[in-house]
Amino acid sequence: MPWGRPRISPEAASGLVLISPTFIYALLLLATPIAAVVLLSFWTQDYLDLQRTLTLANYQKAWSEPIYQSLMLRSVKISLLVTVATVLIGFPIAYYIAFMVPPRHRPIWLFLITIPFWTSYLVRIFLWKVILGYGGVINGSLVGLGIIEEPLKFILYNQGAVVLTLSHAWLPFAILPIFVALNKIDRSLLEAAEDLGDGPVRRFLHITLPLAMPGIVAAAIIVFIPTIGDYVTPRLVGGPNGLMIANMIEVQFKKANNAPLGAALALSAMFVVTLISLLFLLAVRKYLRPNQ
Amino acid sequence: MPDNDVAPQPIIQTVGVDKSFGDVQALRSISLEIEQGMFFTLVGPSGCGKTTLLRVMAGFEQPTTGHVIIDGKHVAGVPANKRPTNMVFQNYAVFPHLNVGDNIAYGLRSKKMAEDLIRRKVSEALEMVGLSGYEARPSHALSGGQRQRVALARALVLKPKVLLLDEPLSALDKKLREQMQSELRHLQRNVGITFILVTHDQEEALTMSDRIAVMFSGEIAQVDSPATLYQRPCSRAVAEFVGFMNFLDVRKLDTDSGRVEIEGLGTVEIGPRQAPGGFDGEIVAGVRPELFTILFDGEPTAERLCTGRITELQYFGDMTYYEAKLDGIDRTVTISMRNTSGREVLEVGAKARIGWSPESLLILS
Amino acid sequence: MMHRLRKSSNWLIAYVGVFLLFLYAPALLLPLFAFNDSSVISFPLAGFTTQWFAAVLDNDPLHRAARNSLIVALSTAALSTTLGVFAARASTRYEFPAKRGMLGLVMVPMVLPEIIVGVSLLVVVVQLGLSLSLLLIILGHVLICTPFCTAILGAAFQGLDRSLEEASIDLGRTRFMTFVLITMPLVLPGIISSLLLSFTISLDEFIIAFFLTGTEATLPVYIWGQLRFPQRVPGLMALGTILLVVSLLLLVCAEYFRRRGARTMGRQEQGGFF
């Protein structure tokens, strides 16, 4: 070859050939469509016609109009609440399985935690509506026990119901990474801490928690980002004040037939969650050093 | 090309083999000739390139430059599955999902051989390694030593021209390792196949091999029989690696007459055979521990004498290893003595008369 | 101190009990309403009936949706596991330029809201003037399942001793036969896990399917449509119960085979499907 060509070893070539089907698939069906969404977000919808001149109009709308602003803020708030709730609720469970369940029973416990999720996602959310509803399980029992006279109306169709239902749905995804991190902790480290005079609380704060951080961070990211995109839960249990940005995206793409605005909303939501996640990762980066 | 047709054709030959991985050069111009029917050992410290050389022979690595000739044929570009070599892996690589019989038949089955012939060969191979009747055993139920035998049988049943063994004994405990050493040696003599063994254990190399190649950092330092390697190492590095060697400084050197003055021992005349590397460079004198003798009362005197004081000792039952500080210099030497009857074991602090002979000296650089 | 420790672990056990109740609340209600003789989903319960199950068995649109979902889930499982094998093998066995970047792109859907995948595929389809179909749903599902398959299979390939494959080649087999005779059987538990997980994810996936459904609905899309009609809800409870039982049976079977496989290979028992 007269010109310089990057030298690729036979091994690297085999690796590239092997990964290419999967990579090309992701390139064609993920990267390209997302690029298309980005492009679309700079176009505008004029009733049935698509105006293909590039403009920031959709973003202007998405970021300035109160309805989108409040939806965005509420979605981020709900996602954050769900993230905090799943990590807080899930951590003790992961801790229990990792430290108090004998090793040979651990797989069964992990299995136990996922059983409720082996049925339809939609049916599960609907059942929360049944539990929380006017004639539902909670109101029924409270009335039956004579604690209240009239069924409570404020427990369904609000943001609290959305947070509760989403937290329930995402709990296994939070427990599993935390469990993996806790399970990896060398037990002799804990014994050493105790041997050096740490009490249970100090030991937990100085040894267990820092070593579990990678799992906690993974759990937070795994729950936080996808939650912003859920539109089934807000629709079923959220009521008018519990809707989230994904509901609006869906409306724009379907009923309102304004795909460019929907695209701008979707990308804005992605941008916001990615930014928050990156800031979060930056803040906790000192716990993520792979030096354990 | 060969102008001496008396010499037997080498079964495997490497010519100027270089191998680098990125910036790391693992092998530097390795040229070796290994004769048919030898038990040949590649020995060296870890990272010296011995396993890489074995894998180049097997066809798992291609040399960067140079080539390999097996049974007179160039094998450049020939993959491992087309070479007349077979390998016993360090961890044996016994297929865990196949039973013993299927493991051994694995290579035969790719040769479109009749099933009853395969069965016969498998049972012969198992008999050869002392595992008769083990065909149906699941391989996970085998002990380390049994795995080793299955790996051996699996390779030998294919009747390779060369059997390559990559540290096959390193995972076994001491007793089993010693037993397998002698079994391997017997097996090699019986089947007559060339064995090439890689090990970092110089003792293992000495006890098992017909010929040994010592390797340091990608290069071959010396190729010789075990006795020659031990008695006439070509360099200080080889002498240090193979067995134990006492080193003493050379004070004065007269190249013409071969007279050298050695600290603590005085002046001696060195024959050419005692300085295999010549007198160039930084030279030292080397003496093996067993070539010093502590003279007890009533034993015949030695050719030359010096005196010293025992500073340390290790007692092994049949042998005692002494550390002795030689009078007049600030250095201790190690002396090994066989505890034959009547010989007392000296105590630390005792004075000793130490005998040696000028022929036992080596000049090394 | 020992006393305090005992006490705190008692609290933890009590917490685990409350947690399990919370976790299982919907799953426990499901069979109650599925067998409840009332078309209204509320307490008190009205009596035992199997009519909702009979309704499920005699419902053509539902059967059609179930058939569509099976087609989608089976294709997704096969495709995403195949793509996962390629990616996992490449990532565990080879070093090559831009490896991290390429794998990163493959793994992105794991932390991408599903609505983004649905929207972006919809945009492309609309722009290209294609029509919505089950195939499109399969493509979307493969995209979100491949990262999970790659992760599971990556762990399986990682645990594979490289010298086993070298030994097979050394004994005269080709690379292809080595893959068939040695590699595949040894990573089979990983492949089964991967198939099972991607099948389950796809079977239950609603958000992407909802965006990409044309005339043929998948089961979740069908259920979504039915949730608007209160009289249909008891039938959905029966359907949910059937799904739960079937997937549990499937999981128990798969776990049984995984353990048997692990036993014949003499591996240490470790982990489950996760």
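General observations
- Taking every residue in A:12-18 and counting other chain Cβ atoms within 10 Å of its Cβ, the average works out to 6.
- Helix C:233-264 vs. chain C, principal-axis angle (Cα, 0 to 90°, nearest 10): 30 degrees
- Spacing of the two label points (7 Å from each Cα toward its C-beta) at residue B:359 and residue A:184, in nm: 6.6 nm
- Calculation over all alpha carbon pairs of the protein assembly as shown in 10 angstrom steps from 0 returns a P(r) of 2, 9, 15, 16, 15, 13, 11, 8, 5, 4, 2, 0, 0 percent.
- Total formal charge among the other residues, if their Cβ is under 14 angstrom from that of residue B:243, Lys/Arg +1 and Asp/Glu -1: -3
- By the Kirkwood approach, averaging reciprocal distances over each pair of separate Cα atoms, segment C:1-159 gets a hydrodynamic radius of 20.6 Å.
- Only Lys, Arg (+1) and Asp, Glu (-1) charged, at Cβ; segment A:1-134 dipole about Cα centre in debye: 400 debye
- Sites matching chymotrypsin sites (Phe, Trp or Tyr not before Pro) across segment A:144-204 that sit in DSSP coil, with at most 11 neighbouring C-beta atoms within 10 Å: A:154
- Selected from B:130, B:32, B:361, residue furthest toward positive end of dipole (chain B; charges at beta carbon): B:130
- Computed over the alpha-carbon atoms, segment A:66-287 gives an Rg to Rh ratio of 1.05, Rh here being the Kirkwood radius from the mean inverse distance.
- Spatially near lysine pairs across chain A, Cα under 27 Å, sequence gap of 8 or more or different chains: 12
- Summary of the geometry: segment B:112-182 and segment A:199-220, compared by the centres of their Cα atoms, lie 49 Å apart.
- Of B:82/B:161; B:112/B:159; B:50/B:159, those spanning more than 20 Å from alpha-carbon to alpha-carbon: B:50/B:159
- Using a Förster distance of 35 Å, the FRET efficiency for residue A:202-residue A:115 (Cβ separation, nearest 0.05): 0.45
- Two-decimal ratio, segment C:80-160, of alpha-carbon radius of gyration to 2.2 N^0.38 Å: 1.24
- Within a Gaussian network of chain B (alpha carbon springs, distance under 10 Å), most fluctuating of B:101, B:59, B:22: B:22
- For chain B, the alpha-carbon coordinates run over 76, 50, 42 Å along the three principal axes, in decreasing order.
- Net +/- balance of residues flanking residue B:40 in space, Cβ distance below 11 Å, scoring K and R +1, D and E -1: -2
- Acute angle (nearest 10 degrees) that the helix C:2-34 long axis makes with the longest principal axis of chain C, alpha-carbon atoms: 60 degrees
- 1.4 Å probe, heavy atoms, protein only - residues of segment C:162-186 losing at least 30 Å² accessible area vs chain alone: C:163, C:164, C:166, C:167, C:169, C:170, C:171, C:172, C:173, C:182, C:186
- Computed lengthening from residue B:339 to residue B:62, 0.36 nm per intervening residue step minus Cα-Cα distance: 94.5 nm
- Here the calculated FRET efficiency for residue B:175 and residue B:127, from their Cβ-Cβ distance with R0 = 22 Å, stands at 0.40, rounded to the nearest 0.05.
- Normalised by the number of residues in chain C, the average gap of Cα pairs under 8 Å and 6 or more apart makes the relative contact order 29 percent.
- By accessible area with a 1.4 Å probe, ligands and nucleic acids excluded, highest first: order of A:63, C:224: A:63, C:224
- In a DSSP loop and with at most 13 other Cβ atoms within 10 Å, the GluC sites (Glu not before Pro) in segment B:294-365 are B:303, B:344, B:347.
- Kirkwood Rh in Å, taken over chain C so that all alpha-carbon pairs contribute: 21.9 Å
- Cross-link partners for residue B:174 among the aspartates and glutamates, with Cα-Cα distance under 13 Å and sequence neighbours closer than 8 places in the same chain left out: B:201, B:203, B:204.
- Positive-end residue of A:39, A:12, A:70, charge dipole of segment A:1-148 with Cβ unit charges: A:12
- Ordering C:141, B:186, B:67 by accessible surface, largest first, gives B:186, B:67, C:141; the 1.4 Å probe counts only protein heavy atoms, with every chain in place.
- Annotation for segment A:42-62 versus segment B:202-217: alpha-carbon center distance of 78 Å.
- The region of chain C that goes longest without hitting one of the trypsin sites (Lys or Arg not before Pro) in a DSSP loop, each with at most 16 other Cβ atoms within 10 Å, is C:1-227.
- Stretch in chain A that is longest and holds no trypsin sites (Lys or Arg not before Pro) that DSSP places in a loop and that have at most 12 other beta carbons within 10 Å: A:154-254
- Distance between the C-alpha centres of segment B:298-365 and segment A:112-131: 84 Å, rounded to the whole angstrom.
- With both labels modelled 7 Å from their Cα along Cα-to-Cβ, the residue A:39 to residue A:141 distance reads 5.5 nm.
- Shape of segment A:1-101, Cα gyration tensor, a/c cut at 1.5: oblate
- Sites listed here are trypsin sites (Lys or Arg not before Pro) in segment B:284-365 whose DSSP assignment is loop and whose Cβ has at most 13 other Cβ atoms within 10 Å: B:343.
- Accessible surface of the protein assembly as shown [probe 1.4 Å, protein heavy atoms]: carbon and sulfur percent: 60 percent
- Those residues of segment C:194-225 whose amide nitrogen sits under 16 Å from the label point placed on residue C:128, 7 Å along Cα→Cβ: C:212-214
- Using a Förster distance of 51 Å, the FRET efficiency for residue A:70-residue B:109 (Cβ separation, nearest 0.05): 0.10
- Segment A:107-162, relative contact order [Cα under 8 Å, separation at least 6], %: 24 percent
- Between residue C:14 and residue B:280, the modelled label-to-label distance comes to 8.7 nm, taking each label 7 Å out from Cα in the direction of the beta carbon.
- Size of segment B:208-365: Rg and Dmax of its alpha carbons, in Å, are 16.4, 51.
- Cα-based shape type of segment A:55-157, given that a ≥ b ≥ c are square roots of the gyration tensor eigenvalues and the cut on a/c is 1.5: oblate
The values are calculated or read from the model by the stated rules, or taken from the named source; none is laboratory data. Since this is a predicted model, take the numbers as computed values, not measurements. All Cβ positions, glycine included, derive from the backbone under ideal geometry; neighbour counts span all protein chains shown. Side chains included, ligands, DNA and RNA excluded: accessible areas come from the protein's heavy atoms. Shrake-Rupley method; radii C 1.70, N 1.55, O 1.52, S 1.80 Å.
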